[in-house]
Amino acid sequence: MTKRRNRIIQLCLTIGAVIWIIPVIAAIRVSFKNGGFKNYTDVFDTKINNILILPKMISNSFAVTGGTIFIVMVSATLAAYAFSKLKFKGRKIFFVLLLSCYAIPMLCTLIPNSLLIKALGLRGSYLSMILLLATANIPLAILIFKGNFDSIPSSYLEAARMDGCTDLKGFLYVILPMSKPAIVNVLVVLFIQVWNDFQIPLVFSTNPEKYTLTLAPTFFGLTQNRLDLPHLYASIVIIAIPVVVFYILMQDKIVEGMSIGGLKE
Amino acid sequence: MKKRITPYLYILPAVLLVGIFLIYPIIFNLLSSFTKWKGFNFGKAEFVGIKNYITLIKDPVFLRDLRNCLLFMVLTIFFQMSIGLILTVFLNLKLFGYRLMETIYFFPVVLSSVVVGYTFLQIFEPNFGTLNTFLQSVGLEGWKRMWIGDAKYALIAILIANIYQWSGMGIIYYRAGLANISKELYDAAKIDGAGFWQTFFRITIPLLKNTHVTILLLGTIGCLKFFDLAYIMTSGGPANSTEFPLLYLYRKFMRESNSGLASAAAIVIILLATILSIGILKVTGNDREAGENKYDKKKK
(Lines give C-alpha, C1' and ligand atoms only; values in the text may rest on other atoms or scores of the structure.)
Protein backbone atom coordinates (compact mmCIF):
# COMPACT_ATOMS: atom_id res chain seq x y z
CA MET A 1 0.00 0.00 0.00
CA THR A 2 2.61 2.49 1.11
CA LYS A 3 4.85 1.26 -1.64
CA ARG A 4 2.24 1.82 -4.34
CA ARG A 5 1.39 5.25 -2.93
CA ASN A 6 5.05 6.23 -2.96
CA ARG A 7 5.40 5.12 -6.53
CA ILE A 8 2.45 7.31 -7.58
CA ILE A 9 3.91 10.27 -5.67
CA GLN A 10 7.26 9.69 -7.30
CA LEU A 11 5.59 9.74 -10.68
CA CYS A 12 3.75 13.01 -9.93
CA LEU A 13 6.96 14.65 -8.75
CA THR A 14 8.80 13.56 -11.87
CA ILE A 15 6.10 14.79 -14.25
CA GLY A 16 6.05 18.11 -12.38
CA ALA A 17 9.82 18.42 -12.60
CA VAL A 18 9.75 17.77 -16.34
CA ILE A 19 7.10 20.47 -16.81
CA TRP A 20 9.26 22.78 -14.70
CA ILE A 21 12.22 22.25 -17.01
CA ILE A 22 10.40 22.63 -20.34
CA PRO A 23 10.43 26.48 -20.33
CA VAL A 24 14.19 26.47 -19.76
CA ILE A 25 14.85 24.06 -22.63
CA ALA A 26 12.51 26.01 -24.90
CA ALA A 27 14.43 29.24 -24.26
CA ILE A 28 17.82 27.60 -24.81
CA ARG A 29 16.58 26.04 -28.07
CA VAL A 30 15.47 29.37 -29.51
CA SER A 31 18.78 30.95 -28.55
CA PHE A 32 20.58 28.54 -30.94
CA LYS A 33 18.17 29.06 -33.84
CA ASN A 34 19.54 30.28 -37.20
CA GLY A 35 23.10 31.09 -36.18
CA GLY A 36 23.82 28.37 -33.62
CA PHE A 37 26.55 29.31 -31.19
CA LYS A 38 27.30 32.36 -33.30
CA ASN A 39 24.24 34.04 -31.76
CA TYR A 40 26.14 34.10 -28.49
CA THR A 41 29.35 35.48 -29.95
CA ASP A 42 27.28 38.06 -31.84
CA VAL A 43 25.73 39.23 -28.62
CA PHE A 44 29.14 39.44 -26.98
CA ASP A 45 30.63 41.29 -29.95
CA THR A 46 27.96 44.00 -30.16
CA LYS A 47 29.50 47.44 -29.77
CA ILE A 48 28.06 50.84 -28.99
CA ASN A 49 30.36 53.87 -29.20
CA ASN A 50 33.25 51.42 -29.45
CA ILE A 51 32.37 49.75 -26.17
CA LEU A 52 31.55 46.05 -26.06
CA ILE A 53 28.11 46.50 -24.61
CA LEU A 54 27.40 43.13 -22.99
CA PRO A 55 30.60 42.97 -20.91
CA LYS A 56 29.84 46.58 -19.99
CA MET A 57 26.35 45.57 -18.79
CA ILE A 58 27.85 42.73 -16.78
CA SER A 59 30.26 45.10 -15.07
CA ASN A 60 27.42 47.60 -14.53
CA SER A 61 25.42 44.88 -12.82
CA PHE A 62 28.36 44.04 -10.56
CA ALA A 63 28.92 47.70 -9.72
CA VAL A 64 25.28 48.34 -8.87
CA THR A 65 24.83 45.08 -6.98
CA GLY A 66 28.10 45.52 -5.07
CA GLY A 67 27.36 49.11 -4.11
CA THR A 68 23.83 48.29 -3.01
CA ILE A 69 24.89 45.31 -0.92
CA PHE A 70 27.57 47.39 0.79
CA ILE A 71 25.14 50.16 1.75
CA VAL A 72 22.41 47.77 2.89
CA MET A 73 24.77 45.66 4.98
CA VAL A 74 26.33 48.61 6.79
CA SER A 75 23.13 50.56 7.45
CA ALA A 76 20.95 47.54 8.27
CA THR A 77 23.36 45.88 10.71
CA LEU A 78 23.96 49.17 12.52
CA ALA A 79 20.26 49.94 12.75
CA ALA A 80 19.33 46.39 13.79
CA TYR A 81 22.00 46.55 16.53
CA ALA A 82 20.50 49.75 17.92
CA PHE A 83 16.95 48.36 17.78
CA SER A 84 18.01 45.12 19.39
CA LYS A 85 20.55 46.08 22.02
CA LEU A 86 20.45 49.81 22.75
CA LYS A 87 17.76 51.70 24.62
CA PHE A 88 16.58 55.02 23.28
CA LYS A 89 13.45 57.10 23.00
CA GLY A 90 11.30 56.39 19.95
CA ARG A 91 12.94 53.03 19.36
CA LYS A 92 9.68 51.29 18.60
CA ILE A 93 8.31 54.10 16.44
CA PHE A 94 11.40 54.20 14.24
CA PHE A 95 11.39 50.42 13.94
CA VAL A 96 7.74 50.21 12.90
CA LEU A 97 8.20 53.14 10.53
CA LEU A 98 11.13 51.46 8.78
CA LEU A 99 9.42 48.09 8.61
CA SER A 100 6.09 49.33 7.33
CA CYS A 101 7.97 50.55 4.27
CA TYR A 102 8.43 46.94 3.24
CA ALA A 103 4.91 46.76 1.84
CA ILE A 104 5.32 49.85 -0.34
CA PRO A 105 6.14 49.18 -4.01
CA MET A 106 9.23 51.14 -5.06
CA LEU A 107 7.53 52.19 -8.29
CA CYS A 108 5.05 54.24 -6.25
CA THR A 109 7.90 56.63 -5.55
CA LEU A 110 8.70 56.89 -9.25
CA ILE A 111 7.67 60.51 -9.77
CA PRO A 112 9.20 62.23 -6.73
CA ASN A 113 12.34 60.12 -6.95
CA SER A 114 12.80 61.02 -10.63
CA LEU A 115 12.69 64.70 -9.64
CA LEU A 116 14.92 64.09 -6.63
CA ILE A 117 17.56 62.17 -8.60
CA LYS A 118 17.59 64.94 -11.18
CA ALA A 119 17.87 67.65 -8.53
CA LEU A 120 20.77 65.81 -6.87
CA GLY A 121 22.53 65.68 -10.25
CA LEU A 122 22.56 61.88 -10.17
CA ARG A 123 20.61 61.26 -13.36
CA GLY A 124 21.83 58.17 -15.17
CA SER A 125 24.49 57.41 -12.55
CA TYR A 126 25.23 54.15 -10.78
CA LEU A 127 24.63 55.93 -7.49
CA SER A 128 21.02 56.74 -8.35
CA MET A 129 20.26 53.04 -8.86
CA ILE A 130 22.31 52.01 -5.83
CA LEU A 131 20.58 54.42 -3.44
CA LEU A 132 17.09 53.39 -4.55
CA LEU A 133 17.83 49.67 -4.54
CA ALA A 134 19.41 49.98 -1.10
CA THR A 135 16.37 51.81 0.23
CA ALA A 136 14.06 49.13 -1.14
CA ASN A 137 16.04 46.34 0.55
CA ILE A 138 16.86 47.91 3.92
CA PRO A 139 13.57 47.13 5.75
CA LEU A 140 13.75 43.35 5.27
CA ALA A 141 17.47 43.24 6.07
CA ILE A 142 16.86 45.10 9.35
CA LEU A 143 14.07 42.68 10.23
CA ILE A 144 16.27 39.63 9.66
CA PHE A 145 19.28 41.09 11.49
CA LYS A 146 17.21 42.26 14.44
CA GLY A 147 15.73 38.79 14.85
CA ASN A 148 19.22 37.36 14.82
CA PHE A 149 20.76 39.92 17.20
CA ASP A 150 17.83 39.42 19.59
CA SER A 151 18.74 35.77 19.88
CA ILE A 152 22.23 36.68 21.11
CA PRO A 153 22.03 37.00 24.92
CA SER A 154 22.68 40.53 26.14
CA SER A 155 24.93 39.11 28.85
CA TYR A 156 27.73 38.80 26.30
CA LEU A 157 27.53 42.53 25.65
CA GLU A 158 27.28 43.36 29.34
CA ALA A 159 30.38 41.34 30.03
CA ALA A 160 32.18 43.19 27.27
CA ARG A 161 30.99 46.52 28.68
CA MET A 162 32.42 45.60 32.09
CA ASP A 163 35.75 45.22 30.36
CA GLY A 164 35.38 48.77 29.07
CA CYS A 165 34.00 47.95 25.66
CA THR A 166 32.08 50.74 23.95
CA ASP A 167 28.81 50.19 22.08
CA LEU A 168 30.63 50.27 18.77
CA LYS A 169 33.25 47.78 19.87
CA GLY A 170 30.53 45.54 21.25
CA PHE A 171 28.91 45.64 17.84
CA LEU A 172 32.11 44.99 15.91
CA TYR A 173 33.74 42.39 18.16
CA VAL A 174 30.84 40.66 19.89
CA ILE A 175 27.67 40.89 17.83
CA LEU A 176 29.01 40.71 14.28
CA PRO A 177 31.30 37.69 14.74
CA MET A 178 28.42 35.80 16.37
CA SER A 179 26.12 36.59 13.44
CA LYS A 180 28.11 35.15 10.59
CA PRO A 181 25.38 32.73 9.42
CA ALA A 182 22.77 35.51 9.33
CA ILE A 183 25.17 37.78 7.45
CA VAL A 184 25.76 35.09 4.83
CA ASN A 185 22.01 34.50 4.49
CA VAL A 186 21.26 38.17 3.95
CA LEU A 187 24.18 38.51 1.53
CA VAL A 188 23.05 35.72 -0.79
CA VAL A 189 19.42 36.84 -0.79
CA LEU A 190 20.43 40.45 -1.42
CA PHE A 191 22.68 39.41 -4.29
CA ILE A 192 19.83 37.60 -6.02
CA GLN A 193 17.26 40.32 -5.43
CA VAL A 194 19.45 43.21 -6.53
CA TRP A 195 21.05 41.40 -9.44
CA ASN A 196 17.60 40.42 -10.75
CA ASP A 197 15.94 43.78 -10.23
CA PHE A 198 14.31 45.15 -13.33
CA GLN A 199 12.24 48.16 -12.30
CA ILE A 200 14.90 50.49 -10.93
CA PRO A 201 17.28 50.09 -13.92
CA LEU A 202 14.31 50.36 -16.30
CA VAL A 203 13.40 53.76 -14.92
CA PHE A 204 16.70 55.18 -13.75
CA SER A 205 19.41 54.02 -16.13
CA THR A 206 19.00 56.46 -18.96
CA ASN A 207 21.48 55.24 -21.57
CA PRO A 208 22.65 51.79 -22.72
CA GLU A 209 26.14 52.37 -21.31
CA LYS A 210 24.64 52.31 -17.81
CA TYR A 211 22.22 49.43 -18.46
CA THR A 212 22.39 46.54 -16.06
CA LEU A 213 22.12 42.99 -17.32
CA THR A 214 18.35 42.73 -16.78
CA LEU A 215 17.88 45.37 -19.48
CA ALA A 216 19.92 43.39 -22.00
CA PRO A 217 16.89 41.68 -23.62
CA THR A 218 15.15 44.96 -24.41
CA PHE A 219 18.41 45.96 -26.04
CA PHE A 220 19.29 42.80 -28.00
CA GLY A 221 15.67 41.96 -28.84
CA LEU A 222 15.69 44.45 -31.69
CA THR A 223 18.18 44.43 -34.54
CA GLN A 224 17.68 47.29 -36.95
CA ASN A 225 14.22 47.72 -35.46
CA ARG A 226 13.20 44.15 -36.26
CA LEU A 227 12.35 41.59 -33.61
CA ASP A 228 15.37 39.32 -33.35
CA LEU A 229 14.44 36.28 -31.28
CA PRO A 230 17.63 34.16 -31.46
CA HIS A 231 19.80 37.02 -30.21
CA LEU A 232 17.18 37.98 -27.68
CA TYR A 233 17.16 34.49 -26.19
CA ALA A 234 20.94 34.22 -26.34
CA SER A 235 21.03 37.31 -24.12
CA ILE A 236 18.36 35.76 -21.86
CA VAL A 237 20.48 32.65 -21.36
CA ILE A 238 23.55 34.77 -20.70
CA ILE A 239 21.85 36.86 -18.02
CA ALA A 240 20.53 33.70 -16.35
CA ILE A 241 23.94 32.01 -16.16
CA PRO A 242 25.48 33.99 -13.24
CA VAL A 243 22.49 33.42 -10.94
CA VAL A 244 22.19 29.78 -11.96
CA VAL A 245 25.85 29.12 -11.18
CA PHE A 246 25.44 31.02 -7.91
CA TYR A 247 22.32 28.99 -7.13
CA ILE A 248 23.99 25.64 -7.80
CA LEU A 249 26.93 26.58 -5.56
CA MET A 250 24.88 28.09 -2.75
CA GLN A 251 21.49 26.38 -2.93
CA ASP A 252 21.22 25.55 0.77
CA LYS A 253 22.28 29.02 1.90
CA ILE A 254 19.87 30.69 -0.54
CA VAL A 255 16.91 28.54 0.45
CA GLU A 256 17.70 29.09 4.13
CA GLY A 257 18.05 32.85 3.66
CA MET A 258 14.79 33.12 1.78
CA SER A 259 12.89 31.09 4.33
CA ILE A 260 14.10 33.39 7.14
CA GLY A 261 12.62 36.35 5.32
CA GLY A 262 9.28 34.59 5.52
CA LEU A 263 9.50 33.32 9.08
CA LYS A 264 10.37 36.69 10.50
CA GLU A 265 7.58 38.46 8.69
CA MET B 1 24.88 62.95 27.21
CA LYS B 2 26.93 60.93 24.74
CA LYS B 3 24.98 57.82 25.65
CA ARG B 4 21.75 59.46 24.58
CA ILE B 5 22.86 60.44 21.12
CA THR B 6 24.79 57.40 19.93
CA PRO B 7 21.81 55.06 19.39
CA TYR B 8 20.41 57.58 16.93
CA LEU B 9 23.69 57.60 15.03
CA TYR B 10 23.36 53.86 14.53
CA ILE B 11 19.95 54.11 12.93
CA LEU B 12 20.79 57.32 11.06
CA PRO B 13 21.96 55.81 7.72
CA ALA B 14 18.90 53.56 7.41
CA VAL B 15 16.50 56.28 8.53
CA LEU B 16 18.08 58.81 6.15
CA LEU B 17 17.83 56.53 3.13
CA VAL B 18 14.28 55.41 3.83
CA GLY B 19 13.28 58.93 4.80
CA ILE B 20 14.67 60.55 1.66
CA PHE B 21 13.81 57.93 -0.95
CA LEU B 22 10.59 56.44 0.44
CA ILE B 23 8.86 58.60 3.03
CA TYR B 24 9.53 61.99 1.49
CA PRO B 25 8.32 60.70 -1.93
CA ILE B 26 5.10 59.44 -0.34
CA ILE B 27 4.41 62.84 1.22
CA PHE B 28 5.26 64.51 -2.08
CA ASN B 29 2.91 62.11 -3.90
CA LEU B 30 0.15 62.93 -1.47
CA LEU B 31 0.53 66.66 -2.18
CA SER B 32 0.88 66.32 -5.93
CA SER B 33 -2.10 63.97 -6.11
CA PHE B 34 -4.30 66.99 -5.38
CA THR B 35 -2.94 68.98 -8.31
CA LYS B 36 -3.32 69.16 -12.03
CA TRP B 37 0.25 68.63 -13.08
CA LYS B 38 1.72 67.68 -16.42
CA GLY B 39 5.32 66.57 -16.93
CA PHE B 40 8.19 67.42 -14.63
CA ASN B 41 7.91 71.05 -13.54
CA PHE B 42 6.07 71.04 -10.22
CA GLY B 43 6.00 74.84 -10.20
CA LYS B 44 3.31 74.66 -12.87
CA ALA B 45 1.03 72.35 -10.89
CA GLU B 46 -2.31 73.81 -9.84
CA PHE B 47 -4.50 72.68 -6.95
CA VAL B 48 -7.62 70.81 -8.05
CA GLY B 49 -8.73 69.07 -4.84
CA ILE B 50 -9.77 65.45 -5.15
CA LYS B 51 -10.40 65.66 -8.89
CA ASN B 52 -7.64 63.14 -9.69
CA TYR B 53 -9.13 60.60 -7.32
CA ILE B 54 -12.54 61.04 -8.93
CA THR B 55 -11.00 60.57 -12.39
CA LEU B 56 -9.28 57.48 -11.06
CA ILE B 57 -12.35 55.73 -9.66
CA LYS B 58 -14.32 56.63 -12.75
CA ASP B 59 -11.64 55.26 -15.07
CA PRO B 60 -12.77 51.79 -16.20
CA VAL B 61 -9.15 50.93 -17.05
CA PHE B 62 -7.95 51.60 -13.50
CA LEU B 63 -10.86 49.64 -12.07
CA ARG B 64 -10.02 46.73 -14.34
CA ASP B 65 -6.38 46.99 -13.22
CA LEU B 66 -7.51 46.66 -9.62
CA ARG B 67 -9.70 43.70 -10.57
CA ASN B 68 -6.76 42.06 -12.38
CA CYS B 69 -4.67 42.60 -9.27
CA LEU B 70 -7.31 41.04 -7.03
CA LEU B 71 -7.70 38.09 -9.38
CA PHE B 72 -3.94 37.60 -9.31
CA MET B 73 -3.86 37.71 -5.51
CA VAL B 74 -6.53 35.04 -5.20
CA LEU B 75 -5.18 32.71 -7.89
CA THR B 76 -1.44 33.15 -7.29
CA ILE B 77 -1.81 32.64 -3.56
CA PHE B 78 -4.16 29.68 -4.07
CA PHE B 79 -1.72 27.93 -6.40
CA GLN B 80 1.32 28.89 -4.37
CA MET B 81 -0.29 27.35 -1.30
CA SER B 82 -1.71 24.22 -2.94
CA ILE B 83 1.23 23.42 -5.20
CA GLY B 84 3.68 24.47 -2.49
CA LEU B 85 2.08 22.42 0.25
CA ILE B 86 1.57 19.27 -1.81
CA LEU B 87 5.07 19.36 -3.27
CA THR B 88 6.58 20.02 0.16
CA VAL B 89 4.84 17.04 1.70
CA PHE B 90 5.72 14.85 -1.28
CA LEU B 91 9.35 15.93 -1.29
CA ASN B 92 9.51 15.46 2.47
CA LEU B 93 9.01 11.72 1.97
CA LYS B 94 12.58 11.86 0.66
CA LEU B 95 11.92 9.43 -2.16
CA PHE B 96 14.57 8.63 -4.73
CA GLY B 97 16.02 11.75 -6.35
CA TYR B 98 14.26 14.27 -4.08
CA ARG B 99 17.32 16.52 -3.85
CA LEU B 100 17.45 16.94 -7.60
CA MET B 101 13.70 17.61 -7.71
CA GLU B 102 14.02 20.26 -5.00
CA THR B 103 16.74 21.93 -7.02
CA ILE B 104 14.46 21.96 -10.06
CA TYR B 105 11.38 23.25 -8.24
CA PHE B 106 13.24 26.03 -6.38
CA PHE B 107 15.15 27.08 -9.45
CA PRO B 108 12.69 29.65 -10.93
CA VAL B 109 12.75 31.58 -7.64
CA VAL B 110 16.31 32.76 -8.29
CA LEU B 111 15.62 33.71 -11.90
CA SER B 112 14.99 37.33 -12.78
CA SER B 113 11.43 38.04 -13.86
CA VAL B 114 13.04 39.21 -17.10
CA VAL B 115 14.22 35.66 -17.78
CA VAL B 116 10.90 34.10 -16.73
CA GLY B 117 8.88 36.67 -18.70
CA TYR B 118 10.70 36.23 -21.99
CA THR B 119 10.83 32.46 -21.56
CA PHE B 120 7.06 32.26 -21.26
CA LEU B 121 6.65 34.73 -24.07
CA GLN B 122 8.32 32.14 -26.26
CA ILE B 123 6.08 29.35 -24.95
CA PHE B 124 2.92 31.29 -25.78
CA GLU B 125 4.19 32.64 -29.10
CA PRO B 126 1.42 31.97 -31.69
CA ASN B 127 3.43 30.79 -34.73
CA PHE B 128 6.27 28.63 -33.50
CA GLY B 129 5.91 28.83 -29.71
CA THR B 130 6.29 25.69 -27.61
CA LEU B 131 2.62 25.39 -26.63
CA ASN B 132 1.11 25.74 -30.11
CA THR B 133 3.78 23.49 -31.63
CA PHE B 134 2.93 20.88 -29.02
CA LEU B 135 -0.83 21.16 -29.64
CA GLN B 136 -0.20 20.80 -33.36
CA SER B 137 1.94 17.72 -32.94
CA VAL B 138 -0.62 15.89 -30.80
CA GLY B 139 -3.43 16.70 -33.20
CA LEU B 140 -5.17 19.37 -31.14
CA GLU B 141 -4.94 22.14 -33.74
CA GLY B 142 -8.39 23.34 -32.74
CA TRP B 143 -6.99 24.32 -29.34
CA LYS B 144 -4.35 26.62 -30.76
CA ARG B 145 -4.79 30.24 -29.73
CA MET B 146 -3.04 33.56 -30.09
CA TRP B 147 -2.52 33.39 -26.26
CA ILE B 148 -0.57 36.59 -25.56
CA GLY B 149 -2.31 38.41 -28.41
CA ASP B 150 -5.79 37.38 -27.29
CA ALA B 151 -7.43 39.50 -24.59
CA LYS B 152 -9.18 36.39 -23.26
CA TYR B 153 -6.01 34.38 -22.67
CA ALA B 154 -3.22 36.92 -22.17
CA LEU B 155 -3.95 37.34 -18.47
CA ILE B 156 -3.92 33.57 -17.95
CA ALA B 157 -0.58 33.34 -19.76
CA ILE B 158 0.93 35.91 -17.40
CA LEU B 159 -0.65 34.18 -14.42
CA ILE B 160 0.96 30.88 -15.41
CA ALA B 161 4.36 32.54 -15.68
CA ASN B 162 3.82 34.11 -12.25
CA ILE B 163 2.84 30.80 -10.69
CA TYR B 164 5.87 29.14 -12.27
CA GLN B 165 8.15 31.79 -10.83
CA TRP B 166 6.79 31.77 -7.29
CA SER B 167 5.61 28.22 -6.48
CA GLY B 168 9.13 27.36 -5.35
CA MET B 169 8.85 30.10 -2.75
CA GLY B 170 5.80 28.31 -1.36
CA ILE B 171 7.85 25.13 -0.98
CA ILE B 172 10.65 27.05 0.72
CA TYR B 173 8.27 28.57 3.29
CA TYR B 174 6.33 25.37 3.91
CA ARG B 175 9.51 23.36 4.23
CA ALA B 176 10.76 25.72 6.92
CA GLY B 177 7.38 25.54 8.65
CA LEU B 178 7.33 21.76 8.49
CA ALA B 179 10.74 21.60 10.15
CA ASN B 180 9.17 23.30 13.19
CA ILE B 181 6.50 20.65 13.71
CA SER B 182 7.77 18.07 16.16
CA LYS B 183 8.25 14.62 14.74
CA GLU B 184 6.65 13.04 17.80
CA LEU B 185 3.26 14.29 16.66
CA TYR B 186 3.58 12.31 13.48
CA ASP B 187 4.80 9.24 15.32
CA ALA B 188 1.83 9.46 17.69
CA ALA B 189 -0.55 9.82 14.75
CA LYS B 190 0.98 6.78 13.16
CA ILE B 191 0.53 4.71 16.32
CA ASP B 192 -3.12 5.81 16.43
CA GLY B 193 -3.47 4.43 12.92
CA ALA B 194 -3.85 7.72 11.05
CA GLY B 195 -3.22 7.41 7.32
CA PHE B 196 -1.14 9.62 5.07
CA TRP B 197 -3.95 11.96 4.05
CA GLN B 198 -5.52 12.01 7.48
CA THR B 199 -2.22 13.16 8.95
CA PHE B 200 -1.94 15.71 6.16
CA PHE B 201 -5.34 17.31 6.85
CA ARG B 202 -5.43 16.94 10.64
CA ILE B 203 -1.84 17.74 11.59
CA THR B 204 0.16 19.26 8.79
CA ILE B 205 -2.33 21.83 7.49
CA PRO B 206 -3.53 23.23 10.86
CA LEU B 207 -0.04 23.37 12.37
CA LEU B 208 1.32 25.30 9.41
CA LYS B 209 -1.00 28.21 10.19
CA ASN B 210 1.85 30.70 10.60
CA THR B 211 3.26 29.70 7.24
CA HIS B 212 -0.15 30.10 5.58
CA VAL B 213 -0.34 33.62 7.01
CA THR B 214 3.19 34.42 5.80
CA ILE B 215 2.38 33.30 2.27
CA LEU B 216 -0.92 35.15 2.32
CA LEU B 217 0.76 38.36 3.48
CA LEU B 218 3.76 38.19 1.15
CA GLY B 219 1.57 37.07 -1.74
CA THR B 220 -0.77 40.02 -1.26
CA ILE B 221 2.10 42.50 -1.09
CA GLY B 222 3.77 40.78 -4.04
CA CYS B 223 0.66 41.10 -6.23
CA LEU B 224 0.33 44.79 -5.45
CA LYS B 225 3.99 45.12 -6.48
CA PHE B 226 3.30 43.11 -9.63
CA PHE B 227 4.78 44.81 -12.68
CA ASP B 228 7.73 43.07 -14.33
CA LEU B 229 6.04 40.09 -16.01
CA ALA B 230 3.12 42.13 -17.34
CA TYR B 231 5.46 44.84 -18.61
CA ILE B 232 7.72 42.33 -20.35
CA MET B 233 5.09 39.96 -21.73
CA THR B 234 2.30 42.29 -22.87
CA SER B 235 3.01 45.86 -21.65
CA GLY B 236 -0.59 45.78 -20.43
CA GLY B 237 -2.07 44.92 -23.82
CA PRO B 238 -4.02 43.87 -25.77
CA ALA B 239 -6.36 46.82 -25.19
CA ASN B 240 -5.22 47.22 -21.54
CA SER B 241 -6.65 43.81 -20.68
CA THR B 242 -3.52 42.76 -18.78
CA GLU B 243 -2.70 46.05 -17.13
CA PHE B 244 -2.00 46.26 -13.39
CA PRO B 245 -2.10 49.26 -11.02
CA LEU B 246 1.67 49.85 -11.19
CA LEU B 247 1.62 49.64 -14.99
CA TYR B 248 -1.15 52.23 -14.97
CA LEU B 249 0.99 54.52 -12.84
CA TYR B 250 4.00 53.93 -15.10
CA ARG B 251 1.99 54.59 -18.27
CA LYS B 252 0.33 57.73 -16.94
CA PHE B 253 3.67 59.21 -15.89
CA MET B 254 6.19 57.95 -18.45
CA ARG B 255 4.03 57.93 -21.58
CA GLU B 256 1.25 60.45 -20.95
CA SER B 257 3.13 62.64 -18.42
CA ASN B 258 0.01 63.04 -16.37
CA SER B 259 1.95 63.35 -13.12
CA GLY B 260 -0.98 64.45 -10.94
CA LEU B 261 -3.11 61.47 -11.83
CA ALA B 262 -0.14 59.10 -11.51
CA SER B 263 0.49 60.47 -8.00
CA ALA B 264 -3.10 59.76 -7.03
CA ALA B 265 -2.71 56.20 -8.35
CA ALA B 266 0.47 55.83 -6.26
CA ILE B 267 -1.35 56.95 -3.12
CA VAL B 268 -4.21 54.50 -3.76
CA ILE B 269 -1.73 51.63 -4.20
CA ILE B 270 0.20 52.57 -1.05
CA LEU B 271 -3.04 52.79 0.94
CA LEU B 272 -4.15 49.39 -0.33
CA ALA B 273 -0.78 47.86 0.54
CA THR B 274 -0.90 49.25 4.07
CA ILE B 275 -4.56 48.42 4.74
CA LEU B 276 -4.27 44.87 3.37
CA SER B 277 -1.07 44.12 5.33
CA ILE B 278 -2.52 45.38 8.60
CA GLY B 279 -5.83 43.68 7.84
CA ILE B 280 -4.25 40.29 7.26
CA LEU B 281 -2.17 40.55 10.44
CA LYS B 282 -5.19 41.61 12.52
CA VAL B 283 -7.70 39.12 11.12
CA THR B 284 -5.33 36.18 11.52
CA GLY B 285 -4.36 37.39 14.99
CA ASN B 286 -0.79 37.32 13.88
CA ASP B 287 0.95 40.28 15.49
CA ARG B 288 4.44 38.92 15.28
CA GLU B 289 5.75 41.96 13.43
CA ALA B 290 6.77 45.25 14.98
CA GLY B 291 9.46 43.89 17.24
CA GLU B 292 7.05 41.73 19.23
CA ASN B 293 8.83 38.52 18.33
CA LYS B 294 9.53 35.79 20.78
CA TYR B 295 13.03 36.93 21.66
CA ASP B 296 11.76 40.33 22.76
CA LYS B 297 9.26 38.85 25.16
CA LYS B 298 11.84 36.60 26.72
CA LYS B 299 14.04 39.57 27.44
CA LYS B 300 11.41 41.58 29.27
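The values are calculated or read from the model by the stated rules, or taken from the named source; none is laboratory data. Treat the numbers as computed from the prediction; the structure is a model and nothing was measured. Note that each Cβ is placed from the backbone with ideal geometry, even for glycine, and that neighbours are counted across all protein chains shown.
Structure summary
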{"item": "Elements of type helices (runs of 4 or more DSSP H) in the stretch A:15-124, at least 1 residues being more than 25 Å from B:Ser112 (Cα to Cα)", "result": "A:53-85, A:91-100, A:110-119"}
{"item": "The stretch A:190-209, residues that are among the charged types (D, E, K, R) and surrounded by fewer than 22 Cβ atoms within 10 Å (Cβ to Cβ)", "result": "A:Glu209"}
{"item": "Per-region count, the stretch B:66-101, residues within 13 Å of chain A (Cβ to nearest Cβ) and within 30 Å of B:Ser33 (Cβ to Cβ)", "result": "1"}
{"item": "Candidates B:Lys3, B:Lys36 - the one that is within 30 Å of A:Leu99 (Cα to Cα), in contact with an Asp or Glu (Cβ under 9 Å, 6 or more places away or on another chain) and at pLDDT below 95", "result": "B:Lys3"}
{"item": "Cross-chain or 6+ apart pairs with Cβ under 9 Å, the stretch B:181-192 first and over 11 Å from B:Leu207 (Cβ atoms), then assigned to a helix (DSSP H, G or I) and not aliphatic (A, V, I, L, M)", "result": "B:Ala189/B:Gln198; B:Ala189/B:Thr199; B:Ala189/B:Arg202; B:Lys190/B:Thr199"}
{"item": "Qualifying residues in the stretch B:195-206 (those that are free of Cβ contacts under 8 Å to residues at least 12 places away in the same chain and under 17 Å from B:Phe90 (Cα atoms)) - the one surrounded by the most Cβ atoms within 10 Å (Cβ to Cβ)", "result": "B:Phe196"}
{"item": "Hits in the stretch A:121-138 (condition: surrounded by fewer than 22 Cβ atoms within 10 Å (Cβ to Cβ) and either in contact (Cβ under 8 Å) with a residue 40 or more places away in the chain or of a type in the set (A, V, I, L, M) (or both))", "result": "A:Leu122, A:Arg123, A:Gly124, A:Ser125, A:Tyr126, A:Leu127"}
{"item": "Lone qualifier among B:Ile57, B:Ile104 - being within 30 Å of A:Ile239 (Cβ to Cβ), modelled with pLDDT under 95 and either basic (Lys, Arg) or assigned to a helix (DSSP H, G or I) (or both)", "result": "B:Ile104"}
{"item": "Options B:Ile191, B:Ile148, B:Ile104: the member that is more than 29 Å from A:Val255 (Cα to Cα) and either facing another protein chain (nearest Cβ under 9 Å) or buried (at least 20 other Cβ atoms within 10 Å of the Cβ) (or both)", "result": "B:Ile148"}
{"item": "Single residue of A:Ile28, A:Ile53, A:Ile48 found to be of a type in the set (A, V, I, L, M), surrounded by fewer than 16 Cβ atoms within 10 Å (Cβ to Cβ) and within 27 Å of the chain's Cα centre (by Cα)", "result": "A:Ile28"}
{"item": "Verdict on B:Ile215 being in contact (Cβ under 8 Å) with a residue 40 or more places away in the chain and surrounded by 19 or more Cβ atoms within 10 Å (Cβ to Cβ)", "result": "yes"}
{"item": "Wholly enclosed helices (runs of 4 or more DSSP H) of the stretch B:205-275 bearing at least 1 residues in contact with a His (Cβ under 9 Å, 6 or more places away or on another chain)", "result": "none"}
{"item": "Residue check for B:Leu178: touching a helix residue (DSSP H, G or I) at 6+ places or on another chain (Cβ under 7 Å), over 30 Å from A:Asn6 (Cβ atoms) and modelled with pLDDT of 85 or more", "result": "no"}
{"item": "Matching entry among A:Ile22, A:Ile53 (being facing chain B (nearest Cβ under 8 Å) and touching a Ser or Thr at 6+ places or on another chain (Cβ under 9 Å))", "result": "A:Ile22"}
{"item": "Among the residues listed as A:Asp150, A:Asp163, the single one being at pLDDT 90 or above and of a type in the set (Asp, Glu)", "result": "A:Asp150"}
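Residue-by-condition table, conditions (1) over 25 Å from the mean Cα position of the chain (by Cα); (2) facing another protein chain (nearest Cβ under 7 Å):
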| residue | (1), (2) |
| --- | --- |
| A:Ile93 | yes, no |
| A:Leu97 | no, no |
| A:Cys101 | no, yes |
| A:Cys108 | no, yes |
| A:Ser125 | no, no |
| A:Asn137 | no, no |
| A:Ser151 | yes, yes |
| A:Ser155 | yes, no |
